[in-house]
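Every read-out reported here was derived from the displayed coordinates using simple, explicitly stated rules and does not represent laboratory data. Just so you know, these numbers come straight off a predicted model, no measurement behind them. With ideal geometry, Cβ positions are generated from the backbone for all residues, glycine too; neighbour counts draw on all protein chains shown.
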Amino acid sequence: MRVCLFVILFFVSVGVNAQKDTSAVLDAMLKMEKALVEKNKDQLEALLHKDVAFGHSSGWVQSKKDVMRDMKSGFLVYNKIENNSITIEAGKKKAIVQEKITVSGKRDDKEFALSLFVMQVWVKTKNGWQLFARQSTKI
């Protein structure tokens with residue numbers, strides 16, 4: 001009986017911790033998308049890992065330095081990022097986010113509006129959850 005109770009409590013505590021990490025990853029992801037739209041440099045700086053690979057549906061991949069520079073210069077402007085569906089698989093130190101989004105903005109003064117599937121890899125660092133890799137594809 002005690003063993004059965006222990007096993008049940010163990011799985012309940014594992015499930016609660018996984019939900020907590022999933023919520024924290026979701027919060028970080030939504031903050032990052034909001035920072036992109038609002039051009040919040042400080043928030044974006046905190047949420048992007050120093051070695052991030054930020055891949056776009058065109059095949060273009062940006063480093064953290066590129067993302068920050070292009071946001072500041074206005075080369076890449078996000079007007080709206082709308083989430084249509086989100087799935088998160090979170091562990092203790094890494095998480096995979098899959099989402100379908102609708103995004104609009106400008107790249108090099110050319111308007112765009114896209115429906116995308118995005119996969120993101122988040123890592124937990126001493127600074128919290130940070131985006132390590134992102135790749136999108138048109139749907």
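Some observations on this one:
- Estimated distance in nm for a label pair at LYS138 and LYS106, the labels positioned 7 Å out from Cα along Cα-to-Cβ: 2.1
- Full-extension gain in nm, GLU82 to GLN98, via 0.36 nm per residue minus C-alpha separation: 4.4 nm
- Note on the chain: with a GNM built from Cα contacts shorter than 10 Å, the maximum mean-square fluctuation among GLU33, GLU45, GLU111 falls on GLU111.
- Extension gain for the segment VAL121 to SER63, taken as residue separation times 0.36 nm less the Cα-Cα distance, is 19.4 nm to one decimal.
- Between 0 and 90°, nearest 10: helix 2-38 axis offset from the chain longest Cα axis: 10
- Contact order normalised by residue count of the chain, Cα under 8 Å, 6+ apart, percent: 23
- Per the Kirkwood formula applied to alpha carbons, the chain shows a radius of gyration over Rh ratio, Rg over Rh, of 1.08.
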